[in-house]
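**Q** Here it is, the structure in full.
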Amino acid sequence: MKPAFAFLTIPSAMLLLACSKPADSASNAPTPPPVDMVAEGLKGYTANCATCHQVDGYGVSNMQPPLVDSDVAKGDPTLVIKVVLKGPAAVLPKDRPHYSNVMPAFDRLSDEQIAEILTYVRHEFNHDTPGITPDQVKTVRNQM
């Protein structure tokens, strides 16, 4: 191999590698929830949650916790489903921050309604957090 050939080949190969698409980095991004599920979740959130947690999800200081960037809302799907079904007092640790308003259990809502509301909350207030399916809610409800 001639030295000039090696001199041109190595930079060319490096340039090609630098310009190539990264190995499926987009496939690691969460799949956005279906638009209709988020729209129905907004309706459910407005009817059942916004009075306390506010339309913007920031809650009311010392009265209701914010849902924006909430560790509970964006965390373990099973835990957040239990919080909605039983209320936070029955599910969360006793030494957690307390607020003057107490969230009731929303077990009267259907699996579909809870999934839509939680998907909306996780999508809108905790960006890139995967949604909740009705099957997940059903499974948790049946285990309680």
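**Q** Count, please, the residues in segment 96-131 that happen to be polar (S, T, N, Q), closer than 12 Å to L42 by Cα and under 8 Å from the mean Cα position of the chain (by Cα).
**A** 1
**Q** Given the structure, is V140 within 16 Å of T78 (Cβ to Cβ), of a type outside the set (K, R), part of a helix (DSSP H, G or I) and in contact with a Phe, Trp or Tyr (Cβ under 9 Å, 6 or more places away or on another chain)?
**A** Answer is no for this residue.
**Q** Quickly run through segment 49-100 and pick out the residues that are in contact (Cβ under 8 Å) with a residue 24 or more places away in the chain, surrounded by 14 or more Cβ atoms within 10 Å (Cβ to Cβ), polar (S, T, N, Q) and assigned to a loop (DSSP other than H, G, I, E, B).
**A** Passing the criteria: only S70.
**Q** Then there is this: Can we say P130 is more than 24 Å from D36 (Cβ to Cβ) and either of a type outside the set (K, R) or out of contact with any strand residue (DSSP E or B) (no Cβ under 7 Å at 6 or more places or on another chain) (or both)?
**A** no
**Q** Filter segment 31-48 down to the residues that are assigned to a helix (DSSP H, G or I) and hydroxyl-bearing (S, T, Y), then identify the one that is nearest to G87 (Cα to Cα).
**A** Y45
**Q** Can you tell me how many residues in segment 127-138 are without any contact (Cβ under 8 Å) to a residue 60 or more places away in the chain and surrounded by 14 or more Cβ atoms within 10 Å (Cβ to Cβ)?
**A** Here the count works out to 6.
**Q** Something else about it: Within segment 101-126, which residues are surrounded by fewer than 20 Cβ atoms within 10 Å (Cβ to Cβ) and either under 16 Å from V140 (Cα atoms) or β-branched (V, I, T) (or both)?
**A** Of everything in segment 101-126, those that are surrounded by fewer than 20 Cβ atoms within 10 Å (Cβ to Cβ) and either under 16 Å from V140 (Cα atoms) or β-branched (V, I, T) (or both) turn out to be V102, A105, F106, D107, R108, L109, S110, E112.
Throughout, read-outs are computed from the coordinates displayed, never taken from laboratory work. Quick caveat, the model's predicted, so the values are computed rather than measured. With ideal geometry, Cβ positions are generated from the backbone for all residues, glycine too; neighbour counts draw on all protein chains shown.
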